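Scroll down for the structure; my scribbles are underneath it.
The values are calculated or read from the model by the stated rules, or taken from the named source; none is laboratory data. Everything numeric in this text was worked out from a predicted model, so none of it was measured. Neighbour counts run over all protein chains shown; Cβ positions are idealised from the backbone, glycine included. Heads up: the accessible areas ignore ligands, DNA and RNA and are worked out on the full protein's heavy atoms, side chains in. Shrake-Rupley method; radii C 1.70, N 1.55, O 1.52, S 1.80 Å.
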Amino acid sequence: MRRMREDSAPHGKPDFVIRQMTVADMPAVMALEKQAFRNPWSPELLQRELQHEWSTILLVEEELKEGGPLLLGLAIFWIVHDEVHVLNVATAPEHRRRGVARAVMDEVLARGKGRRCTLATLEVRRSNEAALQLYKSLGFRPVGIRPNYYVDEGEDAIVMVLDF
């Protein structure tokens, strides 16, 4: 586990805990997926990601005063050869704009650098301005469009790349 403090967080905000997902986290992760997305990942798809050696699911949690962790967000990514490929980043709607996605992306990129990756890639909805701004602030640049990538909504994806 890794504790991270958000530089931009107001004083007094609790630390985020970032750790790898386990099978026991499935109910909380599915609840977050349903809150965050119109078309959430299925339990079967998440289960498969947990079994692939190249795939990692990181959870961002906050310890509650009453005890126990609260799931705030997650990231799913692959490390294949010298590339990090980000598949999914989600933040619970009521915890957006707190630095949750930035914290988990910082950890994803740090893990990629630690594994000597030279490149990170991702796709993001053309309409997701908050995510686009976050990724640009992390150094990602747009390199292309995948037309109709999000088939259910008929929305294009912007392909973004970060060179380490």
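If the cut-off is a Cα-Cα distance under 13 Å, which aspartates and glutamates reach Lys113, setting aside same-chain residues fewer than 8 apart in sequence?
Asp82, Glu83, Asp163
For a paramagnetic label modelled at 7 Å from the Cα of Asp152 toward its Cβ, which residues of the stretch 101-125 fall within the zone defined by backbone nitrogen distances under 19 Å?
Once the point is set 7 Å along Cα→Cβ of Asp152, 123-125 turn out to lie under 19 Å by backbone N, inside the stretch 101-125.
Using a/c under 1.5 as the rounded threshold, could you call the stretch 81-120 rounded, prolate or oblate? The axes a ≥ b ≥ c are square roots of the C-alpha gyration tensor eigenvalues, and prolate needs a/b larger than b/c, oblate otherwise. The partial results should precede the final answer.
Details: a/c = 4.55, a/b = 2.42, b/c = 1.88.
Here the stretch 81-120 falls in the prolate category.
How far apart, in nm, are two points set 7 Å out from the Cα along the Cα-to-Cβ line at Glu53 and at Asn128?
Once both label points are built, they end up 2.9 nm from each other.
Exposed loop sites here are trypsin sites (Lys or Arg not before Pro) in DSSP loop states with at most 13 other C-beta atoms within 10 Å. What is the longest stretch of the chain lacking them? Could you put the intermediate results ahead of the total?
On the way: sites that count: Arg5, Arg38, Lys65, Arg97, Arg115, Arg116.
With a cap of 13 other Cβ atoms within 10 Å, the longest stretch comes to 117-164.
Give the separation of the Cα centroids, the stretch 44-119 to the stretch 126-152, in Å.
A separation of 17 Å, based on Cα centres.
What's the FRET efficiency of Glu63 with Lys136 using the Cβ-Cβ distance as r and R₀ = 35 Å, to the nearest 0.05? Write out the running numbers ahead of the final one.
On the way: r = 31 Å, r/R0 = 0.89.
Between Glu63 and Lys136 the formula returns 0.65.
How large is the charge dipole for the chain, taken about the Cα centre, if only the Cβ atoms of Lys, Arg (+1) and Asp, Glu (-1) carry charge, to the nearest 20 debye?
On the way: 22 positive and 24 negative charges, 85 e Å.
With Lys and Arg at +1 and Asp and Glu at -1, about 420 debye.
Based on the inverse mean of 1/r over its pairs of different Cα atoms, what is the Kirkwood hydrodynamic radius of the stretch 24-63, in Å? Before the final figure, lay out each step's value.
Values: mean 1/r = 0.0910 Å⁻¹.
About 11.0 Å, per the Kirkwood formula over Cα pairs.
Calculate the spin-label point distance for Phe37 paired with Ile145, positioning each point 7 Å from the Cα along the beta-carbon direction, and give it in nanometres.
2.3
Starting from 0.36 nm per residue, how many nanometres of slack lie between Thr118 and Val23 once their C-alpha separation is accounted for?
31.2 nm
Taking a ≥ b ≥ c as the square roots of the eigenvalues of the Cα gyration tensor of the stretch 95-151, is the shape rounded (a/c under 1.5), prolate (a/b larger than b/c) or oblate?
Here the stretch 95-151 falls in the oblate category.
Between Val161 and residues 5 or more places away or on another chain, which pairs have amide H atoms under 5 Å apart, with H built 1.01 Å from N, and which residues are they?
Arg141, Val143
Sorted from largest to smallest, which semi-axis lengths in Å does the alpha carbon gyration tensor of the chain give for its equivalent ellipsoid, taking the root of 5 times each eigenvalue? Don't jump to the answer; show the numbers that get you there.
Details: eigenvalues 109, 69, 60 Å².
Square roots of five times the eigenvalues give 23, 19, 17 Å.
Positive end of the dipole of the stretch 8-164, charges at C-beta (+1 Lys, Arg; -1 Asp, Glu), about the Cα centre: which of Thr91, Leu132, Ala31 has its Cα farthest in that direction?
Leu132
In the chain, which longest range has no GluC sites (Glu not before Pro) that are both DSSP loop (not H, G, I, E or B) and surrounded by at most 12 other Cβ atoms within 10 Å?
67-152
What are the ³J(HN,Hα) couplings of the stretch 101-106, residue after residue, when phi is run through the Karplus curve with 6.51, -1.76, 1.60 and θ = phi - 60°? Round to Hz, x for glycine and proline.
Going residue by residue, I get 5, 4, 4, 6, 5, 4 Hz, with x marking Gly and Pro.
Hey, can you find the accessible area per residue of the chain for me, probe 1.4 Å, expressed in square angstrom?
Details: 9170 Å² over 164 residues.
Value for the chain: 56 Å² per residue.
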